[in-house]
Each structure stands twice: as C-alpha cells, then as structure tokens.
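To start, the structure under review is shown below, and the notes come after it.
The values are calculated or read from the model by the stated rules, or taken from the named source; none is laboratory data. This one's a predicted model, so the numbers in the text were calculated from it and none came from an experiment. Note that we place each Cβ from the backbone using ideal geometry, even for glycine, and neighbour counts take in every protein chain shown. All accessible areas refer to the heavy atoms of the entire protein, side chains included, with ligands and DNA or RNA removed. Shrake-Rupley method; radii C 1.70, N 1.55, O 1.52, S 1.80 Å.
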Amino acid sequence: MSERVIAYRDAIKEAMDEEMARDERVYLMGEEVAEYNGAYKASKGLLDKYGPKRVIDTPIAELGFAGVAVGSAMNGLRPIVEFMTWNFALLAIDQVVNAAAKMLSMSGGQVGCPIVFRGPSGSAGQLAAQHSQTFENWYANVPGLKVISPSNPYDAKALLKAAIRDDDPVVFMESEQMYGDKGEVPEGEILLPIGKAHMARQGKDVTIVSFNKMMKVAHAAADELAKEHIDAEVIDLRTIRPLDYPTIVESVKKTNRLVVVDESWPYGSIASEIAFQVQKHGFDYLDAPVKRVNGADVPMPYAANLIEAYLPNPARVVQAAKAALYRL
Amino acid sequence: MAKKAFSKADYLYWFELMLLMRRFEERAGQLYGTKIRGFCHLYIGQEAVVAGMMSAMGPNDKVITAYRDHGHALGMGISPGAVMAELYGKITGCTKGKGGSMHLFDKEKRFLGGHGIVGAQIPLGAGIAFAEKYQGTDNVCLCFMGDGAVRQGALHETFNIAMTWKLPVVFIIENNMYAMGTSVARTSNVTDLHRLGQAYDMPNQAVDGMKVESVHQAIADACNRARTEQIPTLLEIKTYRYKGHSMSDPAKYRTREEVEEYRRIDPIEQVRATILDKGYANQATLDDIETKVLAQVDESVQFAEDSPYPPDSELYTDVYMQADYPYLQD
C-alpha cells in the first residue's frame with residue numbers, strides 16, 4: 001500500500017483531532033480556531049466534530065486567554081492554545097514564562113501545567129518586521145518549558161500528539177510557510193519522542209544541523225555539496241528543549257566539522273548553544289571552528305531583495321560548509 | 001440572597017481565625033531580617049476579608065490570590081507550622097522552601113497559590129473557574145487581587161472573557177488604598193474600583209472590608225450568583241493594611257492619623273465588641289482563645305526552627321513532571 005500524503009496543516013489537525021477523541025480533558029482555544037476553522041485552517045472541522053465547549057474562539061486578548069488556559073491546566077484540563085502567530089504571543093509571554101513554566105516549581109511540585117502553546121513562527125513572505133520572527137531560543141531558555149519545532153508533516157503530527165500527552169508545558173513552533181507542504185503520514189497512531197533529534201541524511205565530511213523550515217535549506221545545501229563530492233550529514237533537531245546534543249556530538253566525532261542553520265537572530269541563538277555544547281563535549285574532535293548561518297542581526301525588512309539577503313539560504317550554508325572544510 | 005443572621009459560632013470562628021492571622025503575622029514581622037528574608041507582605045488590618053470569605057464560600061470552592069497571601073493560606077487551612085516553615089525556607093514548608101512568602105500553595109486544601117506578578121493571577125482564576133464549568137461541577141473560584149492590579153490589561157481581558165463565557169468566578173479586589181506607595185487616586189480617574197465591572201456588564205459592589213459580616217454577605221451572594229447562574233461578580237472590598245507594602249516600606253506616603261483612624265475600626269476589635277455585647281462569650285473565654293492562638297504561633301515558630309532546610313538535591317526537582325528529564329545540570 002502506498003503511503004498517504006497530507007499537508008502539514010492537516011497533520012496538525014489530525015494530531016489535535018485524535019488527542020481530543022482520546023482524552024475529554026483536551027480542548028482547543030485561540031483566535032479564529034472555531035467558526036473560521038483556523039487562520040491557517042489547522043483546526044478545520046474540529047468545531048463541527050467537538051462543539052463549542054471544546055473548540056473555542058477567543059477575543060483578541062492573548063494575555064487573557066493564555067492565562068485562562070494556564071489556570072484551567074492548573075485545575076485538571078489539558079488545553080491546546082493556538083496563537084495565530086508566535087509574534088502575537090509576546091503579549092502572553094508572562095503567562096508562558098512566569099506562570100506555566102514555573103507553576104510546578106513554585107508550588108513545590110503540587111501544581112503541574114499540562115498545556116500546549118502552538119502556532120506558526122518565522123518569516124512568511126514580505127510580512128516585515130513584526131510578523132517575521134522566530135522565538136525557539138527565547139522559550140528554550142526557560143526551565144520548565146519544552147520546545148518543539150517540527151520540519152515536516154509526519155514530525156508535526158507525531159510530535160504534536162506527544163506534546164498534548166506530555167504532562168509539562170510545551171511550546172510548539174509551526175511554520176506559516178509550511179502549512180501547505182505535503183508529506184507522507186501513515187494512517188493511524190504515530191508518536192515521536194520529545195527530546196530526540198533525527199538523522200535526516202547520512203554523511204561523513206561535514207555535519208549540518210537545523211530545524212523547522214530551515215531544514216529545507218540544509219537539505220538543499222547538502223544536495224549542492226554532493227555535486228562537489230562533499231558528503232554532508234544532516235540532523236533535524238525536532239525538539240529544541242531538551243536539546244539532543246549527544247546526537248550532534250556523535251555526528252561531529254565522525255565528520256569533525258559542524259554548520260548550524262538557524263533562522264533566528266544570531267545573538268544567544270540555538271546555534272550559539274549548539275556551538276557551546278559541541279566544544280564542551282566534542283572539542284577534541286573538531287577540525288575547524290563551528291560555523292553558524294543565522295538570520296541577519298536586524299529587524300526583518302519588507303523589500304524582497306532585503307529578505308533574500310536576511311535569510312539563510314543554500315548558498316550561504318554551502319559557503320559555511322566549505323569554510324569548515326578549508327575548501328574555499 | 002436574604003441577609004444571614006450570624007450566630008455565636010460564626011463570631012467565635014471569625015475571632016479566632018482573624019486573631020491567628022494577626023498574631024502569626026506580627027511574629028513573622030518580628031522574625032523578618034533574621035529568620036525570614038526575601039519579600040514579606042503582611043496582611044495585618046485586612047483579616048476580615050479572609051474571615052468573611054471562609055464562612056461564605058462553599059466546601060469545594062477554590063481560591064487564588066497575589067503575593068499578600070499569608071492570610072488566605074491560613075484561612076484555607078494550611079497549618080501555621082507549614083506557613084511559618086515556608087517563610088523560613090524549610091523543606092517542611094507548604095511549598096518545600098521553593099515558593100516562599102509569595103508562593104504559598106496547597107492543592108489539597110484548594111488554595112492554588114500566591115502569585116507574584118501583579119494582576120497575572122486574574123486570568124488564572126478565571127481559568128480555574130473555566131475548568132470547574134468544563135468538568136460540570138458547581139464549584140466557584142474566588143480570585144483575589146489588590147487595588148494596584150486593576151490597572152493591568154490582564155484584568156480587562158479577563159473580565160471580558162469571564163462575562164462572555166459565563167465563568168463561575170468571583171473577582172475580589174482588596175482595596176487597601178495603596179498600590180505599594182501609589183494611592184488609588186493617582187492611578188486613574190476611576191477610583192470607585194467596583195465600577196470597572198460596568199464596562200463588561202459584570203455585577204459589582206463596594207463592600208466595607210472592616211466589617212466581617214459585610215464581607216461574608218457580599219461573598220456569599222457573589223458565590224451564589226456564580227454557582228447558580230454562572231455569572232461573575234466584581235467585589236471591591238475596602239480595607240486597610242496597617243503595615244507597609246513590604247518589610248522595606250516605611251509608608252511615608254500616608255499620615256499617622258490615617259492609620260490611627262483605621263485602627264479605631266479594627267476588624268478584630270469590632271468582632272470582639274460584638275461577641276461581648278451579645279454575650280456570646282465573656283472576656284475570660286476570649287483570653288483563652290488568645291492564649292491558644294499564641295501557643296499555635298509559638299508552635300509554628302518552633303516547628304520552623306526545628307525543620308531542616310531543603311537538601312541541595314532539591315534544586316533539581318519539581319522543574320518538570322517528567323521524572324527523567326535530561327540535562328538540567330550543565
């Protein structure tokens with residue numbers, strides 16, 4: 001039987017649908033999630049299936065509805081909060097960082113907070129400065145949170161299901177530009193473990209680590225490098241916190257060179273953290289400094305050519321890999 | 001609801017509970033700087049609010065408040081020893097020495113915390129009520145805040161949501177007239193705080209917070225409305241804190257005369273006078289209660305003194321529910 005192919009947005013919807021069917025305590029709230037079927041149609045049909053008690057449209061009040069969801073998680077429910085994009089979630093970050101992440105600790109282990117905050121992040125066409133950001137590193141800095149950032153429909157479904165079942169608060173970063181991407185997702189139950197990276201491509205010359213939409217850039221760069229007989233290994237992080245650095249270090253022990261591709265601003269980025277972990281755990285195996293290819297350290301502009309100059313692309317990754325190989 | 005006729009038992013319960021809060025905090029204040037550190041926000045003067053809440057609320061209702069939470073914790077039945085040990089930072093504290101003064105919790109006793117970000121507990125309280133409604137109970141959440149919190153956006157977002165979704169929550173402003181050092185009048189043109197409910201068609205009422213009977217009646221009515229009609233209420237309970245905002249506050253923003261004026265209508269003394277006036281008990285009985293309360297406070301201090309600090313290994317517990325979460329230690 002050939003594998004079924006579905007879009008990323010449908011993978012997200014299936015994960016929520018299956019987990020809502022499995023557990024009465026799971027519900028979805030957010031702006032436009034119910035009657036509008038989701039700003040990106042990631043909740044299409046859920047209102048019809050589960051009704052307004054469990055699929056809830058909110059006013060535009062991110063701080064308020066995120067806090068209501070956290071309060072409900074403190075009291076027995078398992079909410080999924082959709083932020084229309086992670087840019088808007090900054091209004092709610094107090095409830096994510098000060099409430100959800102810390103509740104278990106400051107209650108001395110009494111009050112957990114099983115909640116998923118999800119929505120799209122990252123650049124998405126010419127949307128300019130306030131609609132084009134990635135925040136994985138912001139939330140990954142916070143003990144108490146788990147952070148997941150899947151790169152394809154299969155991972156999106158399997159990891160979102162795991163996130164909804166997880167007893168800790170999970171920040172789940174999707175991608176505006178990938179909701180239409182199609183991929184093989186088998187019918188029925190699939191789960192992936194949180195905190196495990198995926199070896200997406202085997203190679204021996206240089207390791208390229210990335211996540212979310214930038215995995216496309218990583219793969220494209222590996223294809224380009226192959227034309228020049230450079231055999232790149234590609235790792236998809238899948239989970240950002242906890243970070244599966246042992247998988248990265250094992251790869252570096254083989255390739256001795258590392259390039260990290262990360263859409264976020266470079267300062268204090270996931271790329272920076274990976275560079276630290278690899279020098280700590282694999283210093284003797286490195287034959288070149290770790291390279292990172294990040295978004296530019298500026299607010300995202302509007303003009304198409306400036307966006308092109310801002311974002312990581314295959315050419316920049318190829319350049320970085322060759323620099324790590326001293327083959328420029 | 002009809003006005004309740006209060007009984008001898010009501011008054012004696014209130015007297016003992018209010019006296020416990022008062023004496024406990026007076027001792028905590030004395031121990032501050034030597035045995036107790038960090039932030040410590042005393043509740044002295046406001047005791048009628050918690051006392052009235054305790055007699056008015058239902059047996060399964062839940063409570064959440066901000067960081068001036070010692071009174072709420074004691075009222076909800078957390079033992080004085082567990083509260084004092086928490087102020088000491090001991091492992092026997094109600095949050096194992098991890099929460100401290102501002103984050104007292106006891107899930108079993110339906111007290112869902114002490115929260116430290118002004119106003120951030122308001123949506124949490126609505127969420128606790130949301131979960132009760134979702135699960136089909138008739139329980140109510142009583143959500144407390146200070147007068148400073150009402151200027152936060154979180155309040156307005158939550159009021160709108162709570163009314164639109166008909167959540168069984170009672171919002172209670174403990175208006176002690178000062179947000180730290182800033183008087184209510186300096187924070188807004190709207191100084192009758194209960195009127196903020198009007199913007200959301202939320203039933204609202206001002207309440208004399210120095211009279212425990214008034215507090216009881218208002219909270220009982222509001223709980224009844226939440227329980228039977230699932231309509232939130234905003235109560236503005238006008239109260240007063242005799243002490244500074246926290247231990248480091250000399251309270252120079254108000255006059256000595258103002259504090260004295262409130263001490264003359266002290267909520268505990270009003271209850272004492274009613275008890276004696278109505279012959280519910282004589283002075284000797286009240287003295288016995290005082291002796292008993294002081295002994296409880298002494299025991300709580302001894303318990304805290306005798307308890308160990310959390311072992312260093314506790315640093316890495318209670319961060320995640322996942323027992324084998326990796327890499328917490330760098």
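General observations
- Of the listed requirements (1) farther than 26 Å from residue A:174 by Cβ; (2) touching a helix residue (DSSP H, G or I) at 6+ places or on another chain (Cβ under 6 Å), residue A:210 misses just one: (1).
- All conditions but one from (1) closer than 19 Å to residue B:299 by Cβ; (2) crowded, with 23+ Cβ neighbours inside 10 Å apply to residue B:42; the one that does not is (1).
- Of the set (1) open to solvent by less than 10 Å² (accessible area, probe 1.4 Å); (2) more than 7 Å from chain B (Cβ to nearest Cβ); (3) within 22 Å of the chain's Cα centre (by Cα), all apply to residue A:78 but (1).
- Some residue of the stretch A:189-211 being small (Gly, Ala, Ser) and out of contact with any Ser or Thr (no Cβ under 9 Å at 6 or more places or on another chain): no
- Contact map, the stretch B:37-60: residues that are of a type in the set (Val, Ile, Thr) paired with residues that are in a loop (DSSP other than H, G, I, E, B), Cβ distance under 8 Å, separation 6+ or inter-chain. Pairs shown: B:44/B:241; B:44/B:242; B:44/B:243; B:49/B:209; B:49/B:239; B:50/B:43.
- Residue list for the stretch A:99-115, filter: within 17 Å of residue B:118 (Cβ to Cβ) and either in contact (Cβ under 8 Å) with a residue 12 or more places away in the chain or more than 7 Å from chain B (Cβ to nearest Cβ) (or both): A:99, A:102
- Lone unmet requirement of (1) within 20 Å of the chain's Cα centre (by Cα); (2) under 23 Å from residue B:116 (Cα atoms); (3) not hydroxyl-bearing (Ser, Thr, Tyr) for residue A:61: (1)
- Only helices (runs of 4 or more DSSP H) whose full extent lies in the stretch B:67-167 are considered here, and the ones with at least 3 residues that are more than 8 Å from chain A (Cβ to nearest Cβ) and under 26 Å from residue B:17 (Cβ atoms) are B:70-75, B:80-88.
- Of all residues in the stretch A:81-98, those that are assigned to a helix (DSSP H, G or I) and either more than 9 Å from chain B (Cβ to nearest Cβ) or open to solvent by less than 10 Å² (accessible area, probe 1.4 Å) (or both) total 8.
- Among the residues examined, residue A:112 does not qualify as assigned to a helix (DSSP H, G or I) and of a type outside the set (A, V, I, L, M).
- Hits in the stretch A:8-35 - residues which are open to solvent by 10 Å² or more (accessible area, probe 1.4 Å) and of a type in the set (A, V, I, L, M, F, W, C): A:21
- Restricting attention to the stretch A:132-157, the residues that are of a type outside the set (Phe, Trp, Tyr), touching a residue at least 60 places away in the same chain (Cβ under 8 Å) and either part of a helix (DSSP H, G or I) or at positive phi (or both) add up to 7.
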